Structure formats: C-alpha cells, structure tokens
2 protein chains.
Amino acid sequence: MSPSRRHSDPQPTLATVAERAGVSRQTVSNALNNPELLREDTLAKVRAVIAEVGYTPNRAARQLRTRSSHMIGLRFEEAQEGTSNATMDRFVHTLVEATARTGHHIVLFAGDPDDPLDGYDELLRATAVDAFVITDTYAGTPAADLLSRVGAPYVTFGRPWDDPSARHPWVDVAGAHGARLATEHLLEVGHARVAWLGWEAASRIGEDRRAGWEAAMAAAGTSSDGLGVRITDNVDAARMAAHELLEDPTVTAFACASDTLGIGVLHALAERGLRPGADVGVVGFDDSLGAQVTWPGLTSVRQPLEQVAIEIVDLLHTVLSHKTVTEPARMLEPTLVVRRSTRRDSAR
Amino acid sequence: MSPSRRHSDPQPTLATVAERAGVSRQTVSNALNNPELLREDTLAKVRAVIAEVGYTPNRAARQLRTRSSHMIGLRFEEAQEGTSNATMDRFVHTLVEATARTGHHIVLFAGDPDDPLDGYDELLRATAVDAFVITDTYAGTPAADLLSRVGAPYVTFGRPWDDPSARHPWVDVAGAHGARLATEHLLEVGHARVAWLGWEAASRIGEDRRAGWEAAMAAAGTSSDGLGVRITDNVDAARMAAHELLEDPTVTAFACASDTLGIGVLHALAERGLRPGADVGVVGFDDSLGAQVTWPGLTSVRQPLEQVAIEIVDLLHTVLSHKTVTEPARMLEPTLVVRRSTRRDSAR
DNA sequence: GGTCTCGTGTGGAACGTTCCAAGACTAGGG
DNA sequence: CCCTAGTCTTGGAACGTTCCACACGAGACC
C-alpha cells in the first residue's frame with residue numbers, strides 16, 4: 001500500500017493531458033480553443049486523451065489569464081408580494097438555460113434592499129463576473145448608471161423609463177399593448193364600460209399599462225372618465241375599489257394592472273353573488289400561478305418571459321464579444337390567456 | 001495628454017497596494033487574511049491604502065491558489081406546476097443572503113430534466129464551485145450519490161428517504177407534523193370527520209404528510225377509513241375528489257397535501273354553494289401565494305424555508321471548514337397559518 | 001557575549017491556464 | 001542544393017494570489 005496514495009486521483013491538468021498525448025501544453029490548449037490550428041490526427045489524439053482522463057479546464061486559471069469569468073451576475077431581489085415577483089423564477093430558469101448554452105453561469109447575489117447599488121461593484125472589482133443582468137428598472141436605474149460609469153457590460157430587463165436617450169441594451173415587454181389586448185377582449189365579449197384598476201401614478205409600468213387601456217377605450221369610442229382607479233397592489237384594495245365601481249350598474253368589466261388586483265375583483269364578485277365571466281368580466285396581468293388556480297380561473301396577460309431571457313442572453317453575448325450592438329433595444333409583445341373570468345357562457 | 005492613458009485606471013492589485021504602503025505583497029495578503037500577524041500600525045497603514053485605492057482581491061487568483069471558489073452550486077430545476085416550486089424563490093432568496101454573509105455566492109446551473117446528474121460534475125471538475133445544495137430528493141438522490149462518490153461536499157434539502165443510514169448532512173421539514181397540525185386544527189374547530197387529499201403513493205413526501213393526518217385522526221379516536229384519497233397534484237383532480245367525498249354529509253373538512261389540492265376543494269365548494277370555513281373547513285400545504293390570494297383565503301401549513309436555508313448554510317460552512325459535522329441531520333417544524341377557510345364565523 | 005526564542009516582515013515559488021515569440025518540419029520555387 | 005514561405009508545435013513568461021522557508025531585530029536566558 002503506497003503511503004501517499006490519494007483518496008482519489010488528483011484533477012487532471014493540461015500538463016497531464018499533454019504528457020499522455022505526447023504533445024505540449026499549448027497544443028492541448030489549442031485543441032480546446034483553436035482546434036483549426038491543429039493537424040487532424042493531432043487533434044484527434046489530443047481529444048481522445050481528454051475524454052479518457054476526463055479533463056475539464058480549471059476555470060480559475062483560465063479566468064485569471066483571460067480576465068473573463070463566464071459568470072453573469074444577477075441581483076436576486078427581496079421577494080416582494082404582488083408585482084411580477086412570482087413570475088420571476090420562470091424568467092430566471094430560462095436565463096440559466098440560455099446562458100448555459102454559451103458556457104456562462106448565473107451568479108446570484110444579495111444586496112441591501114435600501115441600496116440599489118449594493119453588491120455590484122464588489123463582484124466587479126473582484127472580477128468575479130463578466131456582466132450583469134439588471135431586472136429592476138421600476139425605480140430608475142441607479143445600478144445601470146453605476147455600471148455605465150465604470151464601463152461594465154450589462155443588459156436590463158426593462159426600458160430606461162427616465163432617460164429615453166440611454167443607449168444601453170435592454171429588453172422589455174410592451175405593457176401598454178397587453179392592457180390594450182385585455183381591454184379589447186372585454187369589449188369584444190360584449191362589455192361596454194371597462195374599468196381599469198391600476199397602480200399608483202408613481203409607477204411607470206403602471207402608467208404605461210393604463211395608457212393601453214385608455215387607448216383601447218378611445219378606439220372603441222367609449223369615454224373612460226371615472227373608470228380608471230389608482231390603488232396599491234393588494235387584494236383588499238382592489239376588492240374595495242371594485243365594490244365602489246360596481247355601484248354603477250353599467251360597469252361590467254375590469255382590466256387590471258396585476259393578477260393580485262384581478263383576484264381582488266373576484267373577491268368582490270364573490271361577496272356580491274355575481275358570477276365571474278357571465279356577469280362581470282375580469283382580466284389580470286402576469287399570468288401568475290394565482291391566476292391559474294383561483295376560482296373560476298382568471299383571464300390574464302402573459303409576458304413572454306422565456307423569450308425575454310433568450311433575447312437578453314443574445315444581447316449579452318453580443319456585448320461580451322465586443323461587437324457593436326446594432327439593435328440594443330428590443331420590445332416584445334405579451335399575449336392574452338383566456339380563462340373563465342371572461343367567458344359569458346357559464347358552461348364549464 | 002499621455003498617449004497610453006486608459007479609459008479608467010487598471011484594477012489595483014496586491015502589488016499596487018504593497019508599493020503604495022511601502023510593504024511587501026505578503027504583508028498586504030496577511031492584512032486581509034491573517035491580520036493578527038501584523039503589528040497594529042502596519043495593519044492600519046495597509047488598511048488605509050486598501051480603502052484609498054479601492055482594492056478587492058481578484059477572485060480568480062485567490063481561487064487558483066487556494067483551490068476554493070467560494071461558490072455554491074444550485075441546480076435550478078424546471079418550474080414544475082404544483083409541488084413546492086412556487087415557494088422555491090423564498091428559499092433561494094434566503095439562501096443567497098445567508099451565503100453572502102460568509103462570502104459565498106450561489107451559482108445556478110441548468111441540467112437535462114431527464115438526467116438528474118447533468119451539470120454537477122462539469123462544475124466540479126472545472127473547480128468552479130466548492131459545494132452543492134441539492135433540493136430534489138423526491139426521486140431518490142442520484143446527485144447526492146454521485147457527489148458522495150467523488151468526495152464533493154454537499155447538503156440536501158430533504159431527508160434521504162431511501163437510505164436511512166445515509167450520513168450526509170441534510171435539512172428537512174417534518175411534513176407529517178404539518179399535516180398533524182392541520183388535522184388537529186380542523187378537529188378543534190369542531191369538524192369530526194376530516195378527509196385527506198394527498199398525492200400518489202409513490203411520493204415519499206406525500207405518504208409522510210398523510211401519516212400525520214392518520215396519526216391525528218387516530219389520536220382523536222376517529223376512524224379514517226375511506227377518508228384518505230390519493231390523486232395527482234392538480235386543481236381539477238382535487239375538485240372532483242372533493243365532490244365525491246362531499247356526497248357523504250358527515251365529511252365537513254379537508255386536509256390537503258398541497259395548496260393546489262386545497263384550492264381544488266375550494267372550487268368544489270363554490271360549485272356546491274357551500275361556504276369555506278363556515279360549512280366546510282379546508283387546509284392546504286405550503287402557504288403559497290395562491291393560498292394567500294385565493295378567495296376567501298386558504299389556511300395552510302407553512303414551511304420555515306428561511307430557517308431551512310440558514311441551517312443549510314450553517315451545515316455547508318461546517319463541512320467546508322473540514323470540521324466533523326456533529327449533527328448532520330436537522331428536522332424543522334412547520335407552522336399553521338390560519339385564514340378564513342377554517343373560520344366557523346362567517347364574519348369578515 | 002553568544003545563543004535561543006519570539007514577533008514581524010520578506011522574497012521566491014507555485015497554482016493552471018493562455019499569450020507570445022520563436023523553433024521544427026514540410027513543401028515549393030529558384 | 002539552398003532559400004523561403006507556410007504549417008504545426010514548442011517552451012518561457014505572465015495573470016494575481018497564497019504557501020513556504022527564511023531573514024531581521026529585540027529581548028531573554030545561560
């Protein structure tokens with residue numbers, strides 16, 4: 001029994017592979033990164049040895065030399081009730097899958113909720129990540145500004161609301177279009193006066209969606225006066241607002257800025273003995289799990305989050321390969337998922 | 001204007017700091033990693049320079065030398081409808097925060113859904129992560145077995161169902177206890193015959209929870225014969241099962257293995273014109289967003305996911321510092337969140 | 001006064017990779 | 001036959017950090 005016998009064989013390195021293949025280290029490196037430089041038989045031989053010993057390049061060494069970590073930073077925000085938080089993992093999952101295809105990984109980091117910049121520069125200075133994906137553009141874009149200033153690559157999910165002249169790459173979903181789809185659907189189903197339950201005026205996203213509702217109402221030639229309400233994103237606030245609007249019997253439909261609000265309306269209907277769909281139409285926003293499971297099913301605007309993630313990775317890839325981004329801004333369109341809350345027939 | 005002027009100053013390194021502070025590289029390294037080795041004034045001087053130039057150690061270099069990346073791998077599973085998926089981001093968020101406190105980060109990776117091992121050894125061989133957190137112990141623990149075999153550290157969320165003799169560190173929530181709490185609560189509120197809606201027998205977690213219901217029923221001296229049902233985790237299956245059970249007028253309460261099933265019961269009640277809480281009691285499991293927003297609010301068993309994450313990080317920390325783990329298995333207890341679906345008074 | 005210890009600080013080497021400049025071999029042209 | 005151009009391969013250096021062995025000076029002890 002040899003005394004220095006290791007519990008398992010040490011990790012194979014470039015040198016190990018080179019020796020076994022009878023070539024130099026650099027040749028093995030080329031086999032991995034520039035295979036076209038090698039003669040066919042040499043390449044085949046090296047590859048065989050790589051497979052045989054199960055060699056994988058050491059990321060740290062590669063990162064040290066090339067100054068690129070193949071890691072993408074994503075600040076994982078505090079789970080805030082309501083908004084699009086619940087839909088976040090649909091997005092993150094596709095992001096992980098899409099980045100994997102280019103050999104990148106997603107690194108999550110936390111940050112002080114009161115400091116939108118916290119965490120970014122630490123990772124950057126430690127050269128732990130190559131780029132960032134920024135998802136919170138609700139409250140301006142301080143993180144994006146910071147990264148621009150230090151010249152770090154990033155892509156945002158969300159347009160630069162405050163600065164239309166910003167030239168950084170971003171992907172967003174046309175919320176106004178989604179609200180318009182929702183409203184048009186309700187009008188088509190036969191509702192004349194469609195109310196809007198939206199967020200406070202400070203929310204850019206909320207105002208954008210509201211604009212879609214207004215546009216659809218205007219296009220139908222219906223006045224939207226007194227039908228639009230701004231409240232906080234919370235079931236009870238929506239329930240109470242719905243009760244108030246339903247005092248006017250001509251109001252028979254609600255388009256909402258979120259599923260939470262839509263569910264609040266359903267609560268109000270339940271309390272009034274009104275049937276969702278048959279009596280009053282309701283549309284939510286985000287197609288969250290809540291919309292899917294709540295009784296009797298809430299029609300909702302679905303954001304193409306998978307596509308958003310794919311576009312973001314595509315932009316990241318372009319930015320990281322130092323190409324100029326020809327089209328840095330991409331706006332995607334949401335779709336409508338119809339459920340029983342907008343079906344006039346009460347048949348199941 | 002100097003011709004070689006860079007857009008921004010290059011990253012400061014250990015050498016930069018050493019030179020400015022008039023000490024050697026090693027002394028700066030010690031200031032960071034072994035401050036007790038330095039004289040007080042030297043330490044102060046070095047720290048001042050570090051702060052002044054904004055130095056952060058390069059992770060790649062450190063990782064290369066110390067062979068530890070301070071990264072924790074987490075395979076981000078496909079979002080599967082139902083189960084505890086919806087609650088996953090509550091868990092992940094705390095995990096990120098807790099790991100940050102020890103200077104670690106979470107790296108997400110994807111894997112072929114059909115291959116539970118996919119992705120693990122690639123990260124491992126590339127020395128990209130120090131350890132893993134494994135969250136899917138439903139279908140056995142092939143990933144854990146792989147990691148054990150190659151000697152890689154890991155902690156699982158979920159006990160080793162198939163192998164009680166397994167000695168790896170894990171954290172889990174006592175599902176049986178949760179179901180027991182749910183059932184006892186329903187009995188206390190005045191329901192005599194509490195039905196159980198659970199998953200198929202193949203689910204270890206499902207059977208564990210069911211055992212809690214059976215225990216509570218037995219303790220109350222009530223027969224549970226014919227009251228336990230095994231179905232797939234889906235709203236409609238639960239709705240139909242509830243309709244069937246409600247044909248027996250003595251059945252006035254349901255404990256469920258998931259919120260999805262609980263919501264299915266609420267659908268059935270709505271269709272029968274029965275009032276949740278007042279007429280029939282319903283308890284779900286997981287305290288998902290759905291339980292919180294669905295009308296009129298679903299009482300549910302809440303898993304202490306934040307605590308689970310904290311315990312996992314604690315175990316990871318112990319494992320990574322090569323200490324022997326004194327208590328590798330930790331079972332946490334869930335709590336009951338009471339909402340209107342179990343309130344007999346119909347007052348709001 | 002020499003030696004031994006202790007508290008501090010130093011410079012060389014190493015981690016595993018890729019960049020760089022140059023070497024070895026092959027083939028083609030004068 | 002030599003020179004050159006081109007193809008393929010090579011060893012040395014470098015990335016920024018930490019490990020290691022050792023140097024230095026001060027005080028304690030014999």
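The values are calculated or read from the model by the stated rules, or taken from the named source; none is laboratory data. Only a predicted model underlies this, so the values are computations on that prediction, with no experimental measurement involved. FYI the Cβ positions are ideal-geometry reconstructions off the backbone, even for glycines, and counts take in every protein chain you see.
Structure notes:
- Residue among A:129, A:155, A:96 that alone is buried (at least 22 other Cβ atoms within 10 Å of the Cβ), without any contact (Cβ under 8 Å) to a residue 24 or more places away in the chain and not polar (S, T, N, Q): A:96
- Residues in segment B:20-54 that are closer than 18 Å to residue A:125 by Cα, within 12 Å of DNA strand C (Cβ to nearest atom) and hydrophobic (A, V, I, L, M, F, W, C): B:28 alone.
- The listed residue being facing chain A (nearest Cβ under 10 Å), at positive phi and at pLDDT below 95, out of B:226, B:297: B:297
- Residue A:109 modelled with pLDDT of 95 or more, buried (at least 16 other Cβ atoms within 10 Å of the Cβ) and within 14 Å of chain B (Cβ to nearest Cβ): no
- Which listed residue is of a type in the set (Lys, Arg) and facing another protein chain (nearest Cβ under 9 Å), from A:90, A:25, A:20: A:90
- Positions within segment B:213-265 being under 23 Å from residue B:297 (Cα atoms) and small (Gly, Ala, Ser), in sequence order: B:237, B:238, B:241, B:242, B:253, B:255, B:257, B:258, B:262, B:264
- Reported count of residues in segment A:55-68, each being in contact (Cβ under 8 Å) with a residue 24 or more places away in the chain and at the interface with chain B (Cβ under 7 Å from one of its Cβ atoms), is 3.
- Filter result (among the basic types (Lys, Arg) and more than 19 Å from residue A:13 (Cβ to Cβ)) within segment A:24-43: A:39
- When A:202, A:192, A:215 are screened for being of a type in the set (A, V, I, L, M, F, W, C) and within 19 Å of residue A:342 (Cβ to Cβ), only A:192 passes.
- Put simply, of B:278, B:291 the only residue that is out of contact with any helix residue (DSSP H, G or I) (no Cβ under 8 Å at 6 or more places or on another chain), closer than 21 Å to residue B:343 by Cβ and not acidic (Asp, Glu) is B:278.
- Condition met for residue A:259 (at positive phi and touching a strand residue (DSSP E or B) at 6+ places or on another chain (Cβ under 8 Å)): no
- Hits in segment A:181-206 - residues which are assigned to a helix (DSSP H, G or I), modelled with pLDDT of 95 or more and surrounded by fewer than 24 Cβ atoms within 10 Å (Cβ to Cβ): A:181, A:184, A:185, A:187, A:188
- Within the set A:220, A:215, A:242, the sole residue that is within 14 Å of another protein chain (Cβ to nearest Cβ), aliphatic (A, V, I, L, M) and more than 22 Å from the chain's Cα centre (by Cα) turns out to be A:242.
- Taking segment B:36-81 as the range and being under 37 Å from the mean Cα position of the chain (by Cα), at pLDDT below 90 and either within 16 Å of DNA strand D (Cβ to nearest atom) or crowded, with 20+ Cβ neighbours inside 10 Å (or both) as the test, only B:76 passes.
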